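The values are calculated or read from the model by the stated rules, or taken from the named source; none is laboratory data. Here the structure is a predicted model, which is why all the values come from computation and not from measurement. Neighbour counts run over all protein chains shown; Cβ positions are idealised from the backbone, glycine included. With ligands, DNA and RNA removed, areas are computed over all heavy atoms of the protein, side chains included. Shrake-Rupley method; radii C 1.70, N 1.55, O 1.52, S 1.80 Å.
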Amino acid sequence: MKNILFAASEGVPFIKTGGLADVVGSLPKEIDKRYFDVRVILPKYTCMTQQMKDLMGYKTHFYMDFHWKEEYVGIFEANVDGVTYYFIDNEHYFSGFKPYGDNVLFEIEKYAFFCKAVLSALPVIGFQPNIIHCHDWQTALIPVYLKERFRANGFYWNIKTIMTIHNLKFQGKWSIKEVREITGLADYYFTSDKLEAYKDANLLKGGIVFADAVTTVSDTYAEEIKTDFYGEGLNGLLQARNHDLRGIVNGIDYAEFNPKTDKYIEFPYDAVNFRKEKVKNKRALQAELSLAQDDKKFMIGIVSRLTDQKGLDLIAYVMDELCQDNVQIVVLGTGEERYENMFRHFDWKYGDKVSANIYYSEAMSHKIYAACDAFLMPSLFEPCGLSQLMALRYGTVPIVRETGGLKDTVEPYNEYESKGTGFSFTNYNAHEMLGTIRYAEQIYYDKKREWNKIIDRAMAADFSWKVSANKYQEMYDWLIG
Ligand code: ADP
Ligand code: GLC
């Protein structure tokens, strides 16, 4: 049996702010249990719901040297769908209304604490991983600490690490002086071949340098991040680590996202009966959100963190024009205030055409995936993107920009060959996007049979974890040897 430990800052069902949580919550379930014992370790945030906390049991605690103090490290345990979860408890670091705060320095301290606590906890809980699979910058100090101090102890000497980049934009950067103080790492670590980048300390860089393998969440993103435009300053390093860098596209949990059994939607449907049944969800959503009651309106959904990454300035730019069309636009998201206000403004301006839902709701997201005709995701960059996979699964035709995982998972409609699962455009240009939306509208209104065949193909596309989980397993095997 090979032991794998996932270390991450969020994971479904315990805590979620974005796609990272979906991946951490679903991938371990799909890894073959005959050969691998995959467990997950997360922070125990006080903002987790009581229902989630009730699933956890206290296991043990100890004290750990960290940042000139003796810090309490509590360990809780839970079992969900056959996967064991551990939680690191420390209320000084993990309280607050949200998992992530705005004080960058504190975030760095918090996750440096988490990384050291994860490694320190292993002998205490009696789980000796062959591989620690680290996700994003919050866990990037694990490969560093492992080599720097823990390796000296026999318990750790054979542990390998994988660094998976879900979003290169976030790296955990701050001045070397303060990061050195916090982490306790020696000067030796803060050079340009290790944690230093552009005169600052960079935690993700440390993870990339010290991990035994580096992956990201789609093939195209794995190529893109080696370029200036997408490389976020680390493209040189990623080129240098090219041999150890792989793109493995994400899947989604096909049991959780299934229009036939979804407990959040009123009218279940499948690939056979969507022609009659799917529209009932549209009617229900129109009623719930006070939109015009009209089966024929081309309903476009957006479920997204409202940040620059998601291409929302393109939408803002052509929203007035788009709203002249026979469409409805339903938005669900939270994030930067200017985007929240932008959508609120258009909701006010175009009453029964636009519905801005500026909050977070799992239930509403499922209703939108089920009800809409199309799903818009014009991202500036997109490491993988899960929302378009959810849309495909619900027969909601994605309209995307050809970048990262969007390019790898949405096949553009080709009317001459009768191929494709969605619509896409190349350049980061608002009118190119609008042209593509209008092309989709035209097929929807004028060639309904063609449109339904796009849905047939979208719903037949397989983005369950099967294929990708296998690729991770191959990598685990190869690393363990
Ligand atoms: P990212 O991780 O960059 O935010 P992904 O497409 O990988 O993008 O994943 C986003 C996930 O978060 C999807 O599961 C999506 O449904 C969900 N999501 C985003 N915003 C909301 C919201 N306001 N309410 C509910 N779910 C949301
Ligand atoms: C990040 C990316 C998103 C990806 C998700 C899960 O949040 O922004 O594209 O799907 O991680 O890997």
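Taking 19 Å as the cut-off, the amide N atoms of region 74-92 that come nearer than this to a point 7 Å along the Cα-to-beta-carbon line of residue 32 belong to 83.
The slack between residue 352 and residue 439, meaning 0.36 nm per residue of separation minus the straight C-alpha distance, is 29.0 nm. For the chain, the carbon plus sulfur part of the accessible surface works out to 51%, probe radius 1.4 Å.
With contacts taken as Cα pairs under 8 Å at a separation of at least 6 residues, region 202-293 carries a relative contact order of 20 percent. When peptides 96-104, 148-156, 16-24 are ranked by their average number of other Cβ atoms within 10 Å per residue, the highest-first order is 16-24, 148-156, 96-104. Charge dipole of region 130-258 (Cα centre as origin; +1 on each Lys and Arg Cβ, -1 on each Asp and Glu Cβ, all else neutral): 440 debye, rounded to the nearest 20.
The spacing between region 58-76 and region 1-22, judged by their C-alpha centroids, is 21 Å. Note that region 376-383 has calculated 3J(HN,Hα) couplings of 9, 8, x, 3, 5, 9, 8, x Hz, one per residue in order, obtained from phi through the Karplus relation 6.51 cos²θ - 1.76 cosθ + 1.60 (θ = phi - 60°); glycine and proline are x. Counting only DSSP beta bridges with both residues in the chain, the antiparallel share comes to about 30 percent. Taking the square roots of five times each eigenvalue of the Cα gyration tensor of region 272-325, the equivalent ellipsoid has semi-axes of 26, 14, 11 Å, listed largest first. Sequentially through region 270-283, phi angles give Karplus couplings (6.51, -1.76, 1.60; θ = phi - 60°) of 9, 5, 8, 10, 4, 4, 9, 8, 4, 4, 5, 5, 5, 4 Hz, Gly and Pro residues having no value and appearing as x.
Can you check how the C-alpha radius of gyration of region 2-145 compares to 2.2 N^0.38 Å, as a plain ratio? Rg over 2.2 N^0.38 Å, computed on Cα atoms: 0.97. Relative contact order for the chain: 12 percent, from Cα pairs under 8 Å spaced at least 6 residues apart, divided by residue count. Using every pair of distinct Cα positions in region 177-306, the Kirkwood expression returns a hydrodynamic radius of 19.3 angstrom. Relative intensity of region 333-481 on a log10 scale, I(q)/I(0) at q = 0.15, 0.20 Å⁻¹, equals -0.87, -1.36, per a Debye sum over C-alpha point scatterers of equal strength in the absence of solvent. Here the Karplus relation 6.51 cos²θ - 1.76 cosθ + 1.60, evaluated at θ = phi - 60°, turns the backbone of region 216-230 into coupling constants of 9, 9, 7, 5, 5, 5, 4, 6, 4, 5, 8, 9, 4, 5, 9 Hz, with x for every Gly and Pro. Pairs exceeding a 29 Å alpha-carbon distance, out of 69/98; 278/466; 297/419; 353/466: 353/466.
Near the amide H of residue 422, within less than 5 Å, lie the amide hydrogens of 411, 413, all on another chain or at least 5 residues away, with H placed in the peptide plane.
Kirkwood hydrodynamic radius of region 235-331, from the reciprocal of the average inverse Cα-Cα distance over all distinct pairs: 17.2 Å.
What's the FRET efficiency of residue 478 with residue 188 using the Cβ-Cβ distance as r and R₀ = 30 Å, to the nearest 0.05?
0.50
Compared with the alpha-carbon gap, the fully stretched path from residue 178 to residue 153 is longer by 6.3 nm at 0.36 nm per residue. The percentage of C-alpha pairs in the chain whose separation is greater than 29 Å is 50%.
Packing-based ranking of 393-400, 434-441 yields 393-400, 434-441, ordered from highest to lowest mean Cβ neighbour count within 10 Å. The H on the amide N of residue 59, modeled in the peptide plane, is under 5 Å from the matching H of 75, 76, 77, each at least 5 residues off or on a different chain. Once the 1.4 Å probe is applied to the protein heavy atoms, the chain comes out at 40 Å² accessible per residue.
Given a cut-off of under 8 Å on Cα pairs at least six residues apart, what relative contact order in percent is computed for region 274-462?
Averaging sequence separation for qualifying contacts and normalising by length gives 20 percent for region 274-462.
Database remark: amide H of residue 397 closer than 5 angstrom to the amide H of 374, 375 (H placed geometrically; neighbours at sequence offset of 5 or more, or on other chains; Pro and chain starts carry no H).
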